[in-house]
Amino acid sequence: MTGQPEHSGDDALYSPPLTLNPALLSQVAAIAEVLGRWSARQDVLPSPLLRRENRIHTIQASLAIEQNSLSLEQVTALFDGQRVIGPARDIQEVRNAITAYDALPSWDPANPQHLLEAHGLLMAGLIDGPGCFRRGGVGIYRGDQLVHMAPPAPRVPVLVADLLAWLAASTWHPLLVSCVAHYELEFIHPFADGNGRLGRLWQTLILSRWNPLLAWLPISRVICSPSWHTSWRPSTMPCVRRSVRRSVRRSVSNQEPRSMR
């Protein structure tokens, strides 16, 4: 990783802030091996119950990162169309996320309009102008310390277009493409709010286009775990890669019969 994305906004091609090396390619091969072992099974698609559980875990964990207070049980109740008692905003966030993840198969990850549509679903009723790029500056703080100042708002449409054009043309492995997209969406911070949950949604979309099994991969559950936060730093590519690797291994282990472990 070179430390900062190389964005031009002019005629030069976008270049990912990542250098391919043997260790990185070895990680990709290891993940692909685990997925291959999973896919070799006759009952390759997760059961409807497992898909439901993973989707609920994904939504609850992704929103918990954003300080949503609803428990797994409350998210499950909303998933089943039941009423729950809780902060109105938190309930709206969960309902929006359920709608957005249901729409996942209809989107092309390289389509800018689909990115805006996804943000519109995720943030409906939560902010002014959902589905529109931000018009002002935004920074990411840890306490009182500024840890990242996003690019100026006028550059956002060009930066997003550069990223998605690269995504459409890239010959990199989809595992790496998904990590670059997640990282860059957090770096660009194209929206006034909702960038984190959108980045996680978009990584899931990219992975699911490569392997449909990964539409149900609960990456956010790993990111939200206590062990993750002991080493996590915002917008770091290695951590995104680790989240994919850990969630793949966890999902495979949970579904495999003991004889295969």
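The values are calculated or read from the model by the stated rules, or taken from the named source; none is laboratory data. Keep in mind that what you see is a predicted model, and the values were worked out from it rather than measured. Heads up, the Cβs are rebuilt from the backbone with ideal geometry, glycines too, and the neighbour counts pull from every protein chain shown.
When residues of the range 47-92 are filtered for being more than 25 Å from Pro212 (Cβ to Cβ), touching a Lys or Arg at 6+ places or on another chain (Cβ under 8 Å) and not aliphatic (A, V, I, L, M), how many remain?
Summing the residues that are more than 25 Å from Pro212 (Cβ to Cβ), touching a Lys or Arg at 6+ places or on another chain (Cβ under 8 Å) and not aliphatic (A, V, I, L, M) in the range 47-92 gives 1.
Can you say whether Ala181 is within 15 Å of the chain's Cα centre (by Cα) and closer than 25 Å to Pro212 by Cα, as far as the supplied structure shows?
yes
Within the range 141-170, which residues are aromatic (Phe, Trp, Tyr) and surrounded by fewer than 16 Cβ atoms within 10 Å (Cβ to Cβ)? Please lay out each step first, then the result.
From the range 141-170, those aromatic (Phe, Trp, Tyr) are 141, 166; that's our starting set.
The answer is Tyr141, and nothing else.
Can we say Trp166 is at pLDDT 95 or above and not polar (S, T, N, Q)?
yes
Please state which of the following conditions His173 fails to meet, knowing it meets all the rest: (1) surrounded by fewer than 16 Cβ atoms within 10 Å (Cβ to Cβ); (2) touching a helix residue (DSSP H, G or I) at 6+ places or on another chain (Cβ under 8 Å); (3) more than 17 Å from Pro190 (Cβ to Cβ); (4) in contact (Cβ under 8 Å) with a residue 40 or more places away in the chain.
Only one criterion in (1) surrounded by fewer than 16 Cβ atoms within 10 Å (Cβ to Cβ); (2) touching a helix residue (DSSP H, G or I) at 6+ places or on another chain (Cβ under 8 Å); (3) more than 17 Å from Pro190 (Cβ to Cβ); (4) in contact (Cβ under 8 Å) with a residue 40 or more places away in the chain is unmet by His173, namely (1).
Quick check: anything in the range 81-88 surrounded by fewer than 18 Cβ atoms within 10 Å (Cβ to Cβ), of a type in the set (S, T, N, Q) and either outside any loop (DSSP other than H, G, I, E, B) or at pLDDT below 95 (or both)?
no
Could you tell me which residue of the range 105-128 is modelled with the highest pLDDT, considering only residues that are among the acidic types (Asp, Glu) and outside any helix (DSSP H, G or I)?
Result: Asp108.
Looking only at the range 104-126, which residues are surrounded by fewer than 14 Cβ atoms within 10 Å (Cβ to Cβ) and over 16 Å from Pro157 (Cβ atoms)?
Selection gives Pro105, Ser106, Gly125, Leu126.
I'd like the full set of residues that are surrounded by fewer than 23 Cβ atoms within 10 Å (Cβ to Cβ) and aromatic (Phe, Trp, Tyr), limited to the range 182-206.
Phe187
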